[in-house]
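Peer 1: Okay, here's the structure, questions in a sec.
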Amino acid sequence: MLQSKLFSKTTKNSPEGEEARNAQLLIKGGFVFKNSAGIYSFLPLGWKVAQKVMDIIREEMNAIGGQEMFMPALIEKKYMEPTSRWNLDVGFFAKGLRDKEPHFVLGWSHEEVLTAIASKHVHSYKDLPFAAYQIQTKFRNEARAKSGLLRGREFMMKDLYSFHATESDLESYYERAKEAYFKVFERCGLKSFYTLAGGGVFTDKFTHEFQVLSDVGEDTIFLCEECGYAENEEISKLKGGDACPKCSGAIAMKKSIEVGNIFNQGTKYSESLGLYFTDEKGEKHPVIMGAYGIGVSRLMATIVEVHNDEKGILWPESVAPFKVHLVSLGDSGEVTEAASKVYESLVRHFGEFEVLYDERKASAGEKLNDSDLLGIPWRVVVSEKTLAAKKVELKRRSEGESQLVNEEEFFRAVANNVNLKK
Ligand code: ATP
Ligand code: MG
């Protein structure tokens with residue numbers, strides 16, 4: 001894609017009152033637009049990243065049998081009343097044309113809606129187990145909306161729910177979901193820690209969170225630096241310096257971001273909303289449920305918090321908006337012609353949607369700064385200097401040094417993901 005055609009522009013300054021690094025970089029790069037506190041639009045560049053993150057999540061949820069679906073954002077009062085979750089402060093409420101009082105809440109979680117749907121489709125033990133998920137916008141009246149996309153009032157979530165006849169069946173699915181979650185975060189370039197936590201408004205039982213270490217995180221965990229065992233401060237009796245209960249390694253107190261969590265919800269929702277099945281003997285039981293969330297937009301913001309430097313973002317290749325950033329420096333006819341040729345061959349190799357070509361008439365400093373800000377993993381420069389050497393200049397965003405290479409060396413390096421550092 002030609003950079004001059006991108007309708008979003010980079011800016012030097014981030015908006016006032018936006019303290020979070022993730023939002024500053026995403027706004028300056030033209031990935032997102034801040035509409036209101038905690039409410040963001042995804043511009044074409046940011047939407048490309050979000051799509052790649054969602055594709056990774058989809059692949060891993062499909063791999064554990066998750067069936068993708070899509071539920072409404074407007075949730076009628078009758079769904080939330082049976083579980084006493086209608087009137088919670090977290091909700092944004094809405095009225096129909098003739099309603100005097102709020103009659104809908106904008107969906108902030110979908111246990112009730114899916115449980116009600118399942119109750120019309122599940123009757124026997126033969127209908128179980130199954131798991132269904134959606135990737136959808138959630139709305140929450142969050143008090144503290146200071147962390148940029150880490151905590152939105154409107155944000156994207158993947159929520160999967162699983163339905164089982166027995167506790168042991170749920171437990172084995174829970175383990176599979178846990179492994180799938182580790183894969184999602186690893187594929188997004190993040191190391192996550194499986195952390196014991198409390199259940200909030202979702203369950204009375206213990207739950208598990210996936211925490212990524214970061215100083216800007218709102219959570220505090222006690223983490224064993226030896227074996228990775230972790231407990232959330234909210235429920236932990238550990239202190240920094242204690243011995244790990246699993247391996248007796250040293251426990252450290254760390255700030256972290258909760259990118260996902262998984263819950264054993266038992267029969268709370270199925271009993272409230274009438275989701276029962278009959279077993280082999282014809283006896284009726286409530287279905288046992290699990291819930292599994294990932295904050296898609298929070299995940300994207302976490303990637304930015306973990307992978308950035310003073311100049312901008314360093315996208316992991318798996319979620320980068322483009323694989324290669326081609327930059328022409330100088331506007332002589334020779335440079336333009338040579339860069340266009342490189343562009344064509346890049347597009348042939350990687351496809352148009354993986355190559356961003358900065359053919360704008362702007363200074364070298366401006367173009368290279370923008371390139372660092374956007375954080376595309378590979379940068380290729382065509383200039384008078386590279387023309388004279390009959391080569392192109394290749395640089396990884398994650399490395400300081402660039403190299404002059406010929407076209408063949410270039411494609412080999414990019415295809416094999418080699419380090420240029422010597
Ligand atoms: P938190 O403790 O951070 O408020 P939560 O316990 O309310 O999170 P869930 O309701 O289980 O989270 O939501 C599932 C996932 O959605 C979370 O693990 C998190 O990644 C993400 N998430 C939750 N609230 C927000 C928000 N306001 N903005 C962005 N992502 C969110
Ligand atoms: Mg919350």
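Peer 1: Condition first: aliphatic (A, V, I, L, M), in a helix (DSSP H, G or I) and over 23 Å from residue 136 (Cβ atoms). Now tell me which residues in the stretch 152-187 satisfy that.
Peer 2: 170
Peer 1: Among the residues of the stretch 224-239, write down those that are assigned to a strand (DSSP E or B) and within 17 Å of residue 260 (Cα to Cα).
Peer 2: 230, 231, 232
Peer 1: Let me ask something else. Cβ-Cβ distance below 7 Å, separation of 6 or more or different chains: which pairs start in the stretch 200-214 with a residue that is of a type in the set (D, E, K, R) and end on one that is in a loop (DSSP other than H, G, I, E, B) and modelled with pLDDT of 70 or more?
Peer 2: Close Cβ pairs (under 7 Å, with a partner that is in a loop (DSSP other than H, G, I, E, B) and modelled with pLDDT of 70 or more) amount to 205/199.
Peer 1: Let me ask another. Please find, among 101, 142, the residue that is more than 30 Å from residue 42 (Cβ to Cβ) and either touching a residue at least 40 places away in the same chain (Cβ under 8 Å) or out of contact with any helix residue (DSSP H, G or I) (no Cβ under 8 Å at 6 or more places or on another chain) (or both).
Peer 2: None of the other options fit; the residue is 101.
Peer 1: Only one of 76, 81, 112 is without any contact (Cβ under 8 Å) to a residue 12 or more places away in the chain and not polar (S, T, N, Q). Can you tell me which?
Peer 2: Selected residue: 81, the only one of 76, 81, 112 that is without any contact (Cβ under 8 Å) to a residue 12 or more places away in the chain and not polar (S, T, N, Q).
Peer 1: Would you mind stating whether residue 122 is in the same structural domain as residue 290 (by TED's automatic domain parsing) and within 16 Å of ligand 2 (Cβ to nearest atom)?
Peer 2: Criteria not met by residue 122.
Peer 1: Right, another one. Taking the condition of being under 26 Å from residue 292 (Cα atoms), part of a strand (DSSP E or B) and among the β-branched types (Val, Ile, Thr), how many residues in the stretch 240-268 meet it?
Peer 2: Residues flagged as under 26 Å from residue 292 (Cα atoms), part of a strand (DSSP E or B) and among the β-branched types (Val, Ile, Thr) within the stretch 240-268 amount to 3.
Peer 1: Could you say which residue among 28, 5 is closer than 22 Å to residue 326 by Cβ and crowded, with 20+ Cβ neighbours inside 10 Å?
Peer 2: Answer to the selection: 28.
Peer 1: Given the stretch 272-336, what strands (runs of 3 or more DSSP E) lie entirely inside it while holding 1 or more residues that are closer than 30 Å to residue 21 by Cα and not basic (Lys, Arg)?
Peer 2: 288-295, 324-328
Peer 1: Evaluate the stretch 83-94: report whether one residue or more is within 16 Å of ligand 1 (Cβ to nearest atom) and under 22 Å from residue 302 (Cβ atoms).
Peer 2: yes
Peer 1: Being part of a loop (DSSP other than H, G, I, E, B) and either touching a helix residue (DSSP H, G or I) at 6+ places or on another chain (Cβ under 6 Å) or at pLDDT 95 or above (or both) is the filter here, so list the residues in the stretch 337-360 that pass it.
Peer 2: Passing the criteria: 359, 360.
Peer 1: Can you find, within the stretch 130-148, the residue that is farthest from ligand 2 (Cβ to nearest atom) among those that are in a loop (DSSP other than H, G, I, E, B) and surrounded by fewer than 19 Cβ atoms within 10 Å (Cβ to Cβ)?
Peer 2: Here the answer is 146.
Peer 1: Among the candidates 133, 125, which residue alone is within 16 Å of ligand 1 (Cβ to nearest atom), within 22 Å of residue 286 (Cα to Cα) and aromatic (Phe, Trp, Tyr)?
Peer 2: That would be 133, the only listed residue that is within 16 Å of ligand 1 (Cβ to nearest atom), within 22 Å of residue 286 (Cα to Cα) and aromatic (Phe, Trp, Tyr).
Peer 1: What number goes with the only condition from (1) away from ligand 1 (no atom under 15 Å from the Cβ); (2) surrounded by fewer than 23 Cβ atoms within 10 Å (Cβ to Cβ) that residue 182 does not pass?
Peer 2: (1)
Peer 1: Condition first: β-branched (Val, Ile, Thr) and either more than 22 Å from residue 70 (Cβ to Cβ) or assigned to a loop (DSSP other than H, G, I, E, B) (or both). Now tell me which residues in the stretch 102-129 satisfy that.
Peer 2: Correct list: 122 only.
Peer 1: What do you reckon, is residue 95 surrounded by fewer than 17 Cβ atoms within 10 Å (Cβ to Cβ) and of a type in the set (Lys, Arg)?
Peer 2: Yes, satisfied.
Peer 1: Moving on. Within the stretch 88-116, how many residues are away from ligand 2 (no atom under 16 Å from the Cβ) and either hydroxyl-bearing (Ser, Thr, Tyr) or within 12 Å of residue 141 (Cβ to Cβ) (or both)?
Peer 2: Qualifying residue count, the stretch 88-116: 2.
Peer 1: Check 365, 375 and return the single one that is modelled with pLDDT of 95 or more, within 18 Å of residue 29 (Cβ to Cβ) and out of contact with any strand residue (DSSP E or B) (no Cβ under 7 Å at 6 or more places or on another chain).
Peer 2: After applying the criteria, what remains is 365.
Peer 1: Pairs needed: first member in the stretch 52-66, closer than 19 Å to residue 130 by Cβ; second member anywhere, surrounded by fewer than 19 Cβ atoms within 10 Å (Cβ to Cβ); C-beta distance under 8 Å; at least 6 residues apart or different chains.
Peer 2: Between residues of the stretch 52-66 that are closer than 19 Å to residue 130 by Cβ and residues that are surrounded by fewer than 19 Cβ atoms within 10 Å (Cβ to Cβ), the close pairs are 58/68; 60/183; 60/187; 61/68; 62/68; 64/176; 65/130.
Peer 1: Residues that are more than 19 Å from residue 272 (Cβ to Cβ), outside any loop (DSSP other than H, G, I, E, B) and assigned by TED's automatic domain parsing to the domain that holds residue 155: does the stretch 91-101 have at least one?
Peer 2: Within the stretch 91-101 (the criterion being more than 19 Å from residue 272 (Cβ to Cβ), outside any loop (DSSP other than H, G, I, E, B) and assigned by TED's automatic domain parsing to the domain that holds residue 155), the answer is yes, since at least one residue qualifies.
Peer 1: I'd like the full set of residues that are within 11 Å of ligand 1 (Cβ to nearest atom) and modelled with pLDDT of 95 or more, limited to the stretch 198-216.
Peer 2: Result: 208, 209, 210, 211, 212.
Peer 1: Let me ask another. Restricting to the stretch 367-394, name every residue that is out of contact with any Gly (no Cβ under 7 Å at 6 or more places or on another chain), closer than 30 Å to residue 23 by Cα and not in a loop (DSSP other than H, G, I, E, B).
Peer 2: Listed by number, the residues that qualify are 367, 368, 369, 370, 371, 378, 379, 380, 381, 394.
Peer 1: Ok, one more. Return yes when residue 258 is within 16 Å of ligand 2 (Cβ to nearest atom), closer than 28 Å to residue 61 by Cα and at pLDDT 95 or above and no when it is not.
Peer 2: It is true that residue 258 is within 16 Å of ligand 2 (Cβ to nearest atom), closer than 28 Å to residue 61 by Cα and at pLDDT 95 or above.
The values are calculated or read from the model by the stated rules, or taken from the named source; none is laboratory data. Source: prediction; values computed, not measured. Counting neighbours? That spans all protein chains shown, and the Cβs are built from the backbone with ideal geometry, glycine included.
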